[in-house]
Each structure stands twice: as structure tokens, then as C-alpha cells.
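Colleague: This is the structure I want to talk about, given as C-alpha cells.
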Amino acid sequence: MKIVVLTGSPHKVGTSSLLADSFIDGAKEAGHEIYRFDAAFEKVHPCIACDKCKCGENPCVFQDSMTKLFPQLREADMIAFVTPLYFYGPSSQIKAVIDRFYGINNLLRGTDKKAVLLVSGTNNRDWAMHGIVGNYTEALQYLRWQDCGKVLAKSCRTREDIEKTDYPEQAYQLGKMV
Ligand SMILES: Cc1cc2nc3c(=O)[nH]c(=O)nc-3n(C[C@H](O)[C@H](O)[C@H](O)COP(=O)(O)O)c2cc1C
């Protein structure tokens with residue numbers, strides 16, 4: 001499978017980057033091909049809803065890092081969304097990328113792609129991930145993509161916190177089994 005891994009953290013050595021690295025290790029070991037896009041280190045203009053996008057030939061008025069990501073998204077069999085929890089949703093960096101899916105909506109929707117969600121956050125309450133999981137689930141329903149698993153790393157504020165848990169192992173196993 002060809003897997004696009006989208007990350008949303010500005011921390012190169014943070015909690016969600018460990019989830020991404022572990023997932024990628026597992027997926028590579030299982031023979032999958034990875035394309036990683038670290039949104040926080042790319043140029044991605046937020047969608048301005050100009051509706052000038054023409055799917056395929058002219059996906060967006062902005063010529064930024066999405067230009068290289070669009071073909072990767074089209075070819076991917078699976079998208080892995082990896083983000084820190086920011087105000088109970090995804091970080092703005094990865095959200096900007098997801099909003100820009102709009103430019104090739106018709107080419108992504110109904111394509112039966114697979115997806116996984118990996119999130120890290122500080123809160124340890126049982127409701128802490130409800131919002132982001134709901135958002136992910138509804139987006140997948142709209143796109144008609146299939147969820148293949150989630151790693152929801154609670155109580156993880158720092159790298160040291162997450163290193164003491166089995167969440168990286170969960171991410172590795174998820175990568176291996178997808
Ligand atoms: C702007 C901002 C918003 C945050 N919002 C939440 C939140 O809503 N819930 C939560 O549990 N943690 C929240 N956190 C904490 C981060 O999710 C947590 O520290 C995470 O491990 C950071 O991941 P990273 O190291 O991959 O960047 C927030 C942190 C920042 C900087």
C-alpha cells in the first residue's frame with residue numbers, strides 16, 4: 001500500500017512525532033511505501049473559499065506545498081492523520097491541509113481510501129478525544145473512506161510522558177497491521 005502520513009505538530013521531537021515515527025516503522029516493516037508530509041514545516045495557505053478550484057487541472061489558486069501533496073493524496077491507498085490535540089481538535093497546521101482537500105474534493109471523495117488517526121494530548125479524561133474522533137469520523141463518512149484504527153494518547157504533554165507509555169508500541173502495531 002502507498003500511505004501518506006500527514007503530521008500536524010511544530011515539535012520535531014514531540015509526542016505526536018513519536019507516534020508518527022512508530023507508525024511509519026511498523027508500516028515500513030510490513031512493506032508499505034510511505035510519503036510523509038510535516039504540515040508545520042511546509043507552506044500551506046488556508047483555504048479562502050474562492051471556489052476557483054477546478055479539480056485535477058487547476059486544484060487551487062495557491063501554488064504552495066499542496067502542489068506536491070495533491071498527487072500524493074490522489075495516489076495514496078491510505079492517509080494517516082497524526083496530530084497533537086489543540087483545543088480538542090486537530091492543530092491548525094494539519095487542519096489547513098485537510099481544508100485544502102477541497103481543491104481536489106471530487107478526486108478524493110468516494111475513492112474508498114483507508115485512514116488512521118493518531119493523536120496525543122495532555123488531558124486524561126474519557127471525553128478528551130470525543131471531539132477529534134467525531135470530526136475524523138464525520139469527515140471519513142463524507143469522503144467515503146474507511147477507518148482502519150486509532151491511537152489516542154491521553155496524559156501525554158511531553159516527550160518524556162509518552163515515552164513511559166505503550167502508545168508508541170500501539171502506533172507501531174497499527175502500522176504493521178494496516
Ligand atoms: C495551542 C495548544 C492547545 C492545546 N490544547 C489541548 C487540548 O485541547 N487538550 C489537551 O489534552 N491538550 C492540549 N494541548 C497539549 C498538547 O496536545 C500536548 O502537549 C501534546 O502532547 C503536544 O504534542 P506534540 O509534542 O506532538 O506537539 C494543547 C497544546 C497547545 C500548544
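Colleague: Using 5 Å bins from zero, what percent of all Cα-Cα pairs in the stretch 61-138 falls into each bin?
Modeller: Final binned percentages: 3, 13, 24, 23, 17, 12, 6, 2, 0.
Colleague: Another one. Roughly speaking, to the nearest percent, how much of the chain's 1.4 Å accessible area is carbon and sulfur?
Modeller: Of all accessible area on the chain, carbon and sulfur atoms account for 49 percent.
Colleague: Just to be sure I understand: of the beta bridges DSSP finds with both ends in the stretch 2-177, what percent are antiparallel, rounded to 5? All intermediate terms of the calculation are to be shown ahead of the outcome.
Modeller: Working: 2 of 26 bridges.
Counting DSSP beta bridges with both partners in the stretch 2-177, the antiparallel share is about 10 percent.
Colleague: Accessible area per residue of the chain at 1.4 Å probe, in Å²?
Modeller: Counting only protein heavy atoms, the per-residue value for the chain is 50 Å².
Colleague: So what are the ³J(HN,Hα) numbers for the stretch 61-69, from phi and the Karplus equation (6.51, -1.76, 1.60; θ = phi - 60°), rounded to whole Hz, Gly and Pro as x?
Modeller: 6, 8, 9, 10, 4, 5, 4, 7, 7
Colleague: Can you sort LYS150, LYS164 by solvent-accessible area, 1.4 Å probe, largest first? Write out the running numbers ahead of the final one.
Modeller: Numbers: LYS150 80, LYS164 165 Å².
Per-residue accessible area, sorted high to low, gives LYS164, LYS150.
Colleague: For the chain, what ratio Rg/Rh do Cα atoms give with a Kirkwood hydrodynamic radius?
Modeller: Details: Rg = 15.5 Å, Rh = 16.3 Å.
Using only Cα positions, Rg/Rh for the chain is 0.95.
Colleague: Assuming a strict under-17 Å limit between Cα atoms, what lysine pair count do you get for the stretch 33-169 once near-sequence pairs (fewer than 8 apart, same chain) are dropped?
Modeller: Counting lysine pairs in the stretch 33-169 gives 6.
Colleague: Moving on to the next point. If you average 1/r over every pair of different alpha-carbon atoms in the stretch 1-70 and take one over that average, what Kirkwood value in Å do you get?
Modeller: Details: mean 1/r = 0.0720 Å⁻¹.
Roughly 13.9 Å, rounded to one decimal.
The values are calculated or read from the model by the stated rules, or taken from the named source; none is laboratory data. What you see is a predicted model; the values in this text were computed from it and never measured. To get the accessible areas, we keep the full protein, side chains included, count just its heavy atoms, and leave off ligands, DNA and RNA. Shrake-Rupley method; radii C 1.70, N 1.55, O 1.52, S 1.80 Å.
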